[in-house]
Amino acid sequence: MVLAVLAAVIGYIVLALARPTRRCPRCKGERVTLTRWRHRIRPCRRCSGTGRAPRLLGPLIHRTYWTIRHERNHRP
Ligand SMILES: [Zn+2]
């Protein structure tokens, strides 16, 4: 049981490292949204026009990962 949870956590971290962002749930990756009023096209406000939203814990894992990488390369 513990092993299954551990495997799931490791799998999720690997996934978050490989794909730190996911498709924006609001505009579905279209980067624009249709306003209800007059159906105007506007840049998506949630992802600010990128079409991508950060995955849960993604930035945190990436920051940790790059900090470790940086420390490893930094030699006295
Ligand atoms: Zn969006």
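General observations
- If you wrap the range 14-60 in the convex hull of its Cα atoms and look at it from every side, the mean projected area works out to 3.3 nm².
- GNM result for the chain, Cα springs below 10 Å: residue of 34, 15, 56 fluctuating most strongly: 34
- Note on the range 14-60: with charges restricted to the Cβ of Lys and Arg (+1) and Asp and Glu (-1), its dipole about the Cα centre is near 240 debye.
- Choice from 51, 29, 11 showing the highest fluctuation, given a GNM over the chain with Cα pairs closer than 10 Å: 11
- Charge-dipole axis of the chain as Lys and Arg at +1 and Asp and Glu at -1 on Cβ define it, positive-most pick from 12, 61, 24: 24
- Highest-fluctuation residue, 26, 46, 63 considered, GNM on the chain with Cα pairs under 10 Å: 63
- Its DSSP H runs of at least 4 residues, each contributing -39,500 (n - 2.57), put the calculated 222 nm mean residue ellipticity of the chain at -14500 deg cm²/dmol, to the nearest 500.
- Computed 3J(HN,Hα) for the range 53-63, one whole-Hz value per residue from the Karplus formula 6.51 cos²θ - 1.76 cosθ + 1.60 where θ = phi - 60°, is 10, x, 6, 4, 6, x, x, 5, 5, 5, 4, glycine and proline marked x.
Bear in mind that the values in this text are calculations on the coordinates, not laboratory data. Since the structure is predicted, the reported quantities are computational estimates derived from the model, not experimental observations. Here Cβ is always computed from backbone atoms with ideal geometry, including for glycine, and neighbour counts include all displayed protein chains.
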